[in-house]
Every structure is written in C-alpha cells, then in structure tokens.
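J.: What follows is a structure written as structure tokens; I'll ask about it next.
Any read-out appearing in this document is the output of simple, stated calculations on the displayed coordinates, not a laboratory observation. Bear in mind that the values here come from a model prediction, so they are computed numbers and not experimental data. Glycine gets a Cβ as well: all are built from the backbone with ideal geometry, and neighbour counts include every protein chain shown.
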2 protein chains.
Amino acid sequence: MKAEEVKVGLAGVTVASSKISDVRGEEGKLIYRGYSIEDLAENSNFEETAYLLLYWRLPSEKELKEFKKKLVSFRRLSPNVIKGMKLFCKGTTPMEALRTTVSSISCGIPDARKLSKEETLNLGISLIAKFPVIIANYYRLKHGKSLVKPNPALGYAENFLWMLWGKKPTAIQTKSMDMDFVLHGDHSFNASTFAARIAASTMSDIFSALLAGICTLRGPLHGGAAQEVFEMLKKIKKPEAAEKYVLERLAKHEKVMGFGHRVYKTYDPRARVLKKMAEKLCTDEKDKKFFRIALKVEEIMIREKNLYPNVDFYSAVVYHSLKMPLEIDTPIFAIGRCPGYIAHIIEQYDDNKLIRPLAEYTGEVDLKYVPVHLR
Amino acid sequence: MKAEEVKVGLAGVTVASSKISDVRGEEGKLIYRGYSIEDLAENSNFEETAYLLLYWRLPSEKELKEFKKKLVSFRRLSPNVIKGMKLFCKGTTPMEALRTTVSSISCGIPDARKLSKEETLNLGISLIAKFPVIIANYYRLKHGKSLVKPNPALGYAENFLWMLWGKKPTAIQTKSMDMDFVLHGDHSFNASTFAARIAASTMSDIFSALLAGICTLRGPLHGGAAQEVFEMLKKIKKPEAAEKYVLERLAKHEKVMGFGHRVYKTYDPRARVLKKMAEKLCTDEKDKKFFRIALKVEEIMIREKNLYPNVDFYSAVVYHSLKMPLEIDTPIFAIGRCPGYIAHIIEQYDDNKLIRPLAEYTGEVDLKYVPVHLR
C-alpha cells in the first residue's frame, strides 16, 4: 500500500452524508437543519433547538409545550444513581463523573439495544434532561454542598444555574447560558460525534454510543478548553501586556489557547455570537478589563498567525462574567452537544453501515515463536 | 461534493499506519507484532501475548515473571468500586456492568490525562488485570452468588475461571480459555479499536479511550455474537437438521450468525484454531453432537454462499463445551481484546494526529426562524 493512500487523521475525508448540521469552514458558517446558528442563538432557545435537531423542524406551540414538559419530567435521577454519585464524585473530575453516572443510569434499563426507535428517542431526551442535573449534582457534591432539587417551574438553562448555584440567575445570565448551549448543539462530524456514530454503527445501544462521544470530548484537543483560555487571560492581567505575552509564546512555538480549528479557516461563527454576548455581560470594570485582554489577544493572533478565535475562546470570557466554575467547562460543552449526539446516533441507526476502516501494517513480519527459556 | 467521494463506512479506506497487528483478509492470516496467531495460540499464553502487544517483543524469563506478578497484584478492586458493582450489577447486562465499573475505577485517579507514559501503561496493565475480575464479580452478583476472591497462585485464565465458577478448572479448560483470550488479543482497526483511537486522538485519558472501545464493542454487528450462534446451533438440535435450517434461512434472506467478515474473504484464522480446540474439548456424546451440527452449518454456508465461519462461530462451540455462561460472550471478547486496545491507545498517543473527518450535508438550507406563535 502506498503511503499517500493513508488518510492520517481523516483530514478532508468525507465519511458520510448527514442532514443534521453543516459546518462551512471557508465561509465561517454553521447551520442546524437549515437555520443559521446566529438566527437560532438570537431568536430561539435550547429546548426549541434540541427539538429541531431531533425532529428535523421547529416545534409548534403545542409540541414545544409538550417537549418542555417531558424534559422537566425526565430531570429526576433514581436513588441508586444518586448513591453512585455520592460514592464517586468527591475525588474525581466532572467528565469522569458524567461518564460514570450516565453509564450507571443505563444499568436501570434491561437492554437498551432492544428498544423501538421511539423508545430510543425518548431515552435520548431523558439524557438531554439529565445532563445538567448530573453536572450540578457533581459540582455540589465535590464542594461539600447539599444537593439542590430541580425546579419544575424553570426552563432548561435557568434550572441548571439554579441547581448549580442554589440561587436563581438573572435574565441575562439565563439567556447567556441558554445561548451557549444552543451554540454547542451540534457541529457535524467532529471527533466525538464521529466516535458516537462508530459505536452506533455496530448497533450498540444509545447509552454506549453517547458515552463513546463523551469519552472523546474529554480530550484537550477536542474542545471545552475554555478553562485553559481563562487561565491564560488571567495570567496576562492587563490589555497592555497581551501583545508581549502572545509574541513570546509564538516565538517559543507554544500554543496560544482558543485559536484555530480543523475546519474553520475564518471566524468561527459561534465565537462571533459569544463575543457579542460577552460584551453585553461585562458590566463592571473588572469584567470589562478581562474582555479587553481577550480582544487584544485576538487582534495579535489574527495579525501574526492569521488564526481566528474558536468557540472556546469567547466561552471563557462568557463563563468568567457568569462566575461559572471554569472546572466544568467541558461538561457544559457536553450538555449543549447532547442533542446533537442523540440526533447523530439516531441518524446512524436509521441508515446504518458498520464504520470499519483499514490500517497499513508497518511492523515486524515472519517472526517465529521461541520458548521463554531460550530467549 | 460528488457522491462517490463519500467513503461510507470507510470500507477499504486506510486511515493510519500501525505496528501492532496485521489482518491479511485475502490470505486468512492474522499476525501480532510479527508472530502468526496460530504460533502464539499453540505455543504462547495470554500473559506473554499481552506483553508482546504492549512492549513490541516477547518477554525474557525475568520480564515475564515480573509482568505476571504485576498482573496478579493489580487484580484487587477498591471497596468503593465493589460497592458500586453491588449497586448496579443486579439489573443489568455484563457490558453495562463492565462499562460502569471501569468508569468508576477512573474516579479514584485524580486526572489520568496528566500521567506520564509509563504511568499510563501501568494503568493499562492494571485494567487488563481487572477486566476478568469485574466480569466474574458481575456474574456472581447477578446470580446471587457470593464473590470469590482472586487467587494469586493462579495464572490469568485459570484465575478468571476460578473466580467465575468458584472451583478450579481442568488443565484443558484453562488452556482453552487462555487460547481464546490470545486469539482475541488484537485485530487491527476494527470498529471498537478505531473508536478507542479517536478518543485517544483528542488526548483524552486512557480510561475514556478504552471505554470508547468497550462502548463500540457492545454492538451485535461488531463481534462477541457467540451467544446468537449458540442459540442457533441449539435450535437446530441435530446434524441432520442443519441443511434444512440453513437453506430455509437463506431463502428468507435471513442472517446465519457467525459467518462472514468485513476483512476476511477466506477462513478466519482464529476460527480455524478454535475449531481444533473445540474438537479436542468435545469429549462426551452431547458435545460431539453439538460440534457436528456446527460442522454441518459451516459446510452448507461455504457451499451455498462462499461465506466462512468467523471467530464467534467456533467460540460458541468452545464456550458451550466449557460450560461458560453464554451471556458473557461479549465481555470475554473484551477481556481478550483489552491488551490490544491499550497498545493502540498508546500507539495513538505516541504519534498523535486528531482524527476528525468531514460529512457531506444533504439537509435543508436557507431557512429563516419564525417565532413559535406564527408556526
């Protein structure tokens, strides 16, 4: 086999058709089921967007009401699952807690591979509902706080902040959180979605497929690197210090966090929306200064490297203004992405072909076993 | 984008180079690090083969002794992990139990992404040691039996059967189990290994990468379908009924379990080894009859469809003679494959490039958001 035929990293290789979302890297556009992400972030909300991703179209008033009711009713975790969380959350990171807890929920279902399509979709919706509950519980258990019960009167994003903080967020805080979830809703065949689809392509169950996604999302090369961006911006301290910091890192060939993307060759449309939101959220002087540091880093990176901020970059500024614990940046990504994963898993089941590539073997050949005492 | 450029299922697409194993589908050959699978199955054992997969070469006498000692010392599960198993194993399938338990073990490690290469490899070895312990514990908890402690005097395969059955296996039973593990040790870029490598390619931790593999292995299109083969052979009842059964299924375009493979176009070398082992294991008349049913099904399938038995087919006969509970056929596959997963994850870390393909978008475009009350 010739070396040039090896598609390392599958960069630029198209592996499937999909009707869920389209990432137009050259134009800096992202669309979900036909709608631009800017349109949805401004005018829609997470529940509607999740419905759109799962059911191919925006819901009617009645459908939306029912869907919201369903999401509220699915927030509950079983006593066994809570016991498991208490056993494991204290000493671990949030992605491990999310992974273990989601896996433990599957232990209450006899065999998810045997469910009908409708039952599978329902299970998917229940997991969308449970993700923020798991993360809020994790955070409070980890920090020795008592658990906060879900509040059925609150919408998806608002209830998450309520359960996380133990107090109601303001309207702009809720809108920011909701918008951040919408922006993370789907992103075509990124690494984690691809892993989820590979698991689904063996006709594995929906929990396993979703978990293959979660396991892949956890890596720092994937996304949810807002924490690292935050640490960097904090370290820079003031806007005037940004240029020196960035140039020094570049001179040492070190990575500047939050820039560049395998697919986007121009401005990441999600970063553009978050940038606007960050500006709105920064009302006090301290937050404004943090925002100006980010602006300056962006300016230098575009000028020096022609690299644009990605979704993590302005997520970090938004989370900072929201006083979100940065340790849960990747789980927040996971909450937002959950409807996308579910939509992709179901799309894979619906028209399945096992995803199974080849590898070129470059190791030893024709060795003969020698008994251990003769080695 | 033209449709023919979409590599659906990645069939025939080479995605990476690897020095671990080579599947030569046309010749019906499988080699690990240069050694043929027949050579290893006959002359080596699982501990040696695991060492070979991880360290690129067979161990010296001293190295093997140390490696075995390490595997024995890593068998222990923490009290918290056992508590979790007691909480979740009763109502679930073995793959869910394996997934949840492995994930829960990671909760005892502060952050596995931050470990050195040596520490990561050590963690991999500890997981190889723990897989059979988890499965034996699961099986006994599920069926209301008391847990059996690992026996440090016993080797890998023997200890598994000891913990599973609560009594020592015979020499031929141990050899069969060990050989079955060796045969499952690695299989290049199958779907689950590919998923594990995708997770590793984001620089996710070793637990997450391994779990992405486990999640993908669970699907019936992947492997570990020995249970379905067993059910089929049992249903046929006697060798003389095999031809009619197979022809009827084929006429109805129904799948005959345990035949065909994406890569092997001739006899699967693992099936060949297992067939020999099955023949040796079948000593009483009942087992011999079961074996003859399998032979007859094989004969008809080759004659009618030119399809050869795969690894699951004769695994089913071996497990039947071993009196193995067939419900744990996929977990047994997972135990055997664990060293392969670990070797691939480490190979991916060592020369990493993010695996991130593209998809062709075939959905709606240019839709405009309409407020819910106007829909």
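J.: Could you give the radius of gyration (one decimal) and Dmax (whole number) of the Cα atoms in the protein assembly as shown, in Å?
T.: Computed over the Cα atoms of the protein assembly as shown, radius of gyration and Dmax are 26.4, 87 Å.
J.: Which value, in debye to the nearest 20, describes the size of the charge dipole of the stretch A:169-276 about its Cα centre when Lys and Arg Cβ atoms bear +1, Asp and Glu Cβ atoms bear -1, and nothing else is charged? Each step should come with its number before you reach the end.
T.: Numbers: 17 positive and 11 negative charges, 83 e Å.
For this selection, approximately 400 debye.
J.: Okay, moving on. Report relative contact order for chain B in percent, whole number only (criteria: Cα-Cα under 8 Å, sequence separation at least 6).
T.: Values: 506 pairs, mean separation 87.5, N = 375.
Across chain B, relative contact order equals 23 percent.
J.: Right, something else. So how many Å³ per residue does the convex hull of the Cα atoms of the stretch B:196-339 work out to? Don't jump to the answer; show the numbers that get you there.
T.: Details: hull volume 16.5 nm³, N = 144.
Once divided by residue count, the hull of the stretch B:196-339 is 114 Å³.
J.: Report, for the protein assembly as shown, the % of DSSP beta bridges that are antiparallel, rounded to 5. All intermediate terms of the calculation are to be shown ahead of the outcome.
T.: Values: 14 of 24 bridges.
Around 60 percent antiparallel, to the nearest 5.
J.: Length gain on complete extension for the stretch B:E5 to B:E254, per 0.36 nm per residue less the alpha carbon to alpha carbon distance? It would help to have the intermediate numbers written out before the result.
T.: Details: separation 249, 0.36 × 249 = 89.64 nm, distance 3.11 nm.
Going from the current span to full extension adds 86.5 nm.
J.: Right, here's the next one. Work out the length of the dipole vector of chain A about its Cα centre, built from +1 on the beta-carbon of each Lys and Arg and -1 on the beta-carbon of each Asp and Glu, and round it to the nearest 20 debye.
T.: That gives chain A a dipole magnitude of about 1220 debye.
J.: Right, something else. What does the copy distance list look like for B:N80, label position 7 Å along Cα→Cβ, in nm and ordered from shortest?
T.: Between copies, matching label points for B:N80 lie 2.1 nm apart.
J.: A follow-up question, please. What does the charge dipole of the protein assembly as shown about its Cα centre add up to, to the nearest 20 debye, if the Cβ of each Lys and Arg holds +1 and the Cβ of each Asp and Glu holds -1? Don't skip to the end; give the middle numbers.
T.: On the way: 118 positive and 90 negative charges, 486 e Å.
Computed charge dipole of the protein assembly as shown: roughly 2340 debye.
J.: Beyond 13 Å, how much of the Cα-Cα pair distribution for the stretch B:146-208 remains, as a whole percent?
T.: Details: 1351 of 1953 pairs.
Counting pairs separated by more than 13 Å, the tail of P(r) holds 69 percent.
J.: Would you mind pulling out the separation of the Cα centroids of the stretch A:1-62 and the stretch A:139-159, in Å?
T.: 30 Å
J.: Quick one: A:F333, A:F67, fewest Cβ neighbours within 10 Å first, how do they rank? Can you show the working numbers first?
T.: Working: A:F333 25, A:F67 18.
By the 10 Å Cβ count, ascending, the order reads A:F67, A:F333.
J.: Can you give the log10 of the normalised intensity I(q)/I(0) at q = 0.08, 0.13 Å⁻¹, computed with Debye over equal Cα scatterers of chain A?
T.: Log10 of I(q)/I(0), two decimals: -0.43, -1.08.
J.: Next up: Counting helices only, and only those DSSP H runs with n ≥ 4, report the 222 nm mean residue ellipticity of chain B as the sum of -39,500 (n - 2.57) divided by its residues, in deg cm²/dmol to the nearest 500. Write out the running numbers ahead of the final one.
T.: Values: 16 runs with 214 residues, N = 375.
Using -39500 (n - 2.57) per qualifying helix, the result is -18000 deg cm²/dmol.
J.: Put the label 7 Å from Cα along Cα→Cβ for A:E254; what are its distances to the other copies, in nanometres, shortest first?
T.: Those label-point separations list as 6.5 nm.
J.: Show the residues, 5+ positions off or on another chain, whose built amide H is closer than 5 Å to the amide H of B:L358.
T.: Hits under the 5 Å cutoff: A:G12, A:V13, A:T14, A:V15.
J.: Let me ask something else. Running a GNM on chain A with Cα contacts under 10 Å, which residue among A:L322, A:L183, A:L295 ends up with the highest mean-square fluctuation?
T.: With Cα springs under 10 Å in chain A, the top fluctuation among A:L322, A:L183, A:L295 is at A:L295.
J.: Would you mind ranking B:L53, A:L250 by Cβ crowding within 10 Å, fewest neighbours first? Walk me through the numbers on the way to the answer.
T.: On the way: B:L53 22, A:L250 15.
Least to most surrounded, the residues fall as A:L250, B:L53.
J.: Moving on to the next point. Mind listing the label-point distances from A:I172 to the same position on all other copies, shortest first, one decimal in nm, points 7 Å along Cα→Cβ?
T.: Copy-to-copy label distances at A:I172, shortest first: 8.0 nm.
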